Amino acid sequence: MRPKKIVVTGMGATSPLGGTAPDSWAGLLAGVSGARTLEHDWVAKYELPVTFAAEAIVRPEEVLERPVAKRLDPSSQFALISAMEAWEDAGRPEVAPERLGVDFATGIGGVWTLLDAWDTLRERGPRRVLPMTVPMLMPNAAAAAVSMHFEARAFARTVASACASSTESIVNAYDHLQAGYADVVIAGGTESAIHPITVASFSSMQALSRRNDDPAHASRPYSVDRDGFVMGEGAASLVLETEEHALARGARIYAELAGGGVTADSYHITANDPEGRGASRAVNRALAQAGASPDDVTHINAHATSTPVGDPSEYVALREVFGDRIHGIPVSATKASTGHLLGGTGALEAVFSILAIRDRQAPPTINITEMDPAIPLQVKGEPQPLGDGPQLVISNSFGFGGHNAVAAFRSY
């Protein structure tokens, strides 16, 4: 059976660069950094070794009505905000509730709700623990909140694959639309985990940059002096439809979601396979599903977290797929600007990939002082033109546990 064409008709984002998808994109192209010193009492209280992160620039309480926000963990608040923007951007598709689905992801879930409730239990006793604690902390809370807001009844599914989560949800949405489970899917990911315990934990494993005196330049993928990633937060959403449904309602189409690939390393709980075997298989699967070859790819949004070990292993995987051609493909490492949104990062980078196709420019990678000679990619500190021809962009996401997910987007 001939595969259906799956298209993107709406996008939304709330990120460290802006409270909307257009604002986030504008900040990215301008070379803005979302990393800032944390202005919270708990930083000094717990003597945290890392004192900065990339918090979402627009707080949820500035957007959501108070009764709605009170029932949601911050991760679900961000999810709902981005989904609402994407839905409006798509022109509020008219679709039967039973034909509307939700594929939404998170890496950690309601960590703020969980640990606030634990503090309440210890300090004030069980009677003061809120009855909504479990519905707010559960990992599927974001998908549930989005599905209830839009009365999506086809399905509401959650992926929790660490930093690969939201790219995997987008790939799942492609599969669900192909299978005929829905005509329209809201897909994306969210995270709000800039919390003392996560900062302390990532610091303990020496995964975070410690440039406390210069947060804006701390995330520096591919640079010889990179020393770890910067925690970020926020959410992003896509409205995905079958081409038939989108054309029937006269929708504006941004791009085609051409395919995706999901694999596992089965190597180490935190380290990438240094030979990049799982990652390269995910790229190849995405290209195969898109009916494309490596020669068709015009731009790559790399996972590139700015860690000493992670960045080279991704290069090895890309070299395996593209051979020497990888050195001429424009590559962007957008976490240099946004920080790492963990479970939300793939969805945000999908938005950036689609906008790169629309505007025919690869966004800049900031903060590289000297390119690591072991990673000779075509990365620049200013936007790179993508040319006038057909575009095929891949967006990579890799997560703890050996999760790999790649989404491929094509100009429409």
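When the stretch 360-372 is filtered for residues that are touching a residue at least 40 places away in the same chain (Cβ under 8 Å) and either among the polar types (S, T, N, Q) or open to solvent by 10 Å² or more (accessible area, probe 1.4 Å) (or both), the ones remaining, listed by number, are Q361, T365, I366, N367, I368, T369, E370, M371, D372. Selection of first residues in the stretch 156-176 that are within 19 Å of K4 (Cα to Cα) and of second residues that are among the acidic types (D, E) and not in a helix (DSSP H, G or I), restricted to Cβ pairs under 6 Å at least 6 apart or on distinct chains, gives the following pairs, ordered by first then second residue: S169/D103; N172/D103; A173/D103. Across the stretch 355-412, the number of residues qualifying as out of contact with any Cys (no Cβ under 7 Å at 6 or more places or on another chain), over 23 Å from P215 (Cα atoms) and not hydrophobic (A, V, I, L, M, F, W, C) comes to 23. Residue pairs whose Cβ atoms lie under 8 Å apart, sitting 6 or more positions apart in sequence or on different chains, and linking a residue in the stretch 29-55 that is touching a residue at least 40 places away in the same chain (Cβ under 8 Å) to a partner that is open to solvent by 70 Å² or more (accessible area, probe 1.4 Å) and basic (K, R), are P49/R210; V50/R210; F52/R36; A53/R36; A54/R36; E55/R36.
Sort out which residues of the stretch 47-61 are in contact with a strand residue (DSSP E or B) (Cβ under 9 Å, 6 or more places away or on another chain) and part of a loop (DSSP other than H, G, I, E, B), and write them in order of number.
Filtering the stretch 47-61 down to residues in contact with a strand residue (DSSP E or B) (Cβ under 9 Å, 6 or more places away or on another chain) leaves 49-58, 60.
Result: P49, V50, T51, E55, A56, I57, V58.
Among the residues making up the stretch 204-222, a single one is in contact with a strand residue (DSSP E or B) (Cβ under 9 Å, 6 or more places away or on another chain) and among the basic types (K, R): R211.
For the stretch 389-401, a residue qualifies if it is more than 17 Å from G344 (Cα to Cα) and in a loop (DSSP other than H, G, I, E, B), and the qualifying residues are G389, P390, Q391. From the list L240, L247, the one residue that fits, being under 15 Å from V8 (Cβ atoms), in contact with a strand residue (DSSP E or B) (Cβ under 9 Å, 6 or more places away or on another chain), aliphatic (A, V, I, L, M) and open to solvent by 50 Å² or more (accessible area, probe 1.4 Å), is L247. For the stretch 162-206, a residue qualifies if it is over 19 Å from the mean Cα position of the chain (by Cα) and farther than 22 Å from F229 by Cα, and the qualifying residues are H176, L177, Q178, A179, G180, Y181, A182, D183, V184.
Return a yes/no flag: does the stretch 15-25 have any residue that is among the charged types (D, E, K, R), under 30 Å from K380 (Cα atoms) and open to solvent by 10 Å² or more (accessible area, probe 1.4 Å).
Pass one, the stretch 15-25, residues among the charged types (D, E, K, R): 23.
Still in the list and also under 30 Å from K380 (Cα atoms): 23.
Imposing the further condition that a residue be open to solvent by 10 Å² or more (accessible area, probe 1.4 Å) reduces the set to 23.
Looking for residues that are among the charged types (D, E, K, R), under 30 Å from K380 (Cα atoms) and open to solvent by 10 Å² or more (accessible area, probe 1.4 Å), one finds at least one in the stretch 15-25, hence yes.
Take the residues in the stretch 250-279 that are closer than 20 Å to V185 by Cα and charged (D, E, K, R); name whichever of them is least open to solvent (accessible area, probe 1.4 Å).
Going through the stretch 250-279, the residues closer than 20 Å to V185 by Cα turn out to be 250-262.
If we keep only those that are charged (D, E, K, R) too, we end up with 252, 256.
Working: R252: 116, E256: 18 Å².
Here the answer is E256.
Here the stretch 109-144 is the region considered, the condition is being crowded, with 20+ Cβ neighbours inside 10 Å and of a type in the set (V, I, T), and the residue that is nearest to A173 (Cα to Cα) is V111.
P221 falls short on exactly one of the conditions (1) in contact with an Asp or Glu (Cβ under 7 Å, 6 or more places away or on another chain); (2) surrounded by fewer than 24 Cβ atoms within 10 Å (Cβ to Cβ), and that condition is (2). Per the listing E94, E85, E98, the residue uniquely open to solvent by 10 Å² or more (accessible area, probe 1.4 Å), under 18 Å from A350 (Cα atoms) and either touching a residue at least 12 places away in the same chain (Cβ under 8 Å) or assigned to a strand (DSSP E or B) (or both) is E85. Of the residues in the stretch 62-72, not one is open to solvent by 30 Å² or more (accessible area, probe 1.4 Å), touching a helix residue (DSSP H, G or I) at 6+ places or on another chain (Cβ under 6 Å) and assigned to a helix (DSSP H, G or I). As a summary of the residue check, V32 satisfies the conditions (1) open to solvent by 40 Å² or more (accessible area, probe 1.4 Å); (2) assigned to a helix (DSSP H, G or I); (3) not small (G, A, S) except for the one numbered (2).
The values are calculated or read from the model by the stated rules, or taken from the named source; none is laboratory data. Remember, it's a predicted structure, so these values are computed and weren't measured experimentally. Note: ideal-geometry Cβ built from the backbone for every residue, glycine included; neighbour counts use all protein chains shown. When the accessible area is computed, the model is the full protein with side chains, heavy atoms only, and any ligands, DNA or RNA have been set aside. Shrake-Rupley method; radii C 1.70, N 1.55, O 1.52, S 1.80 Å.
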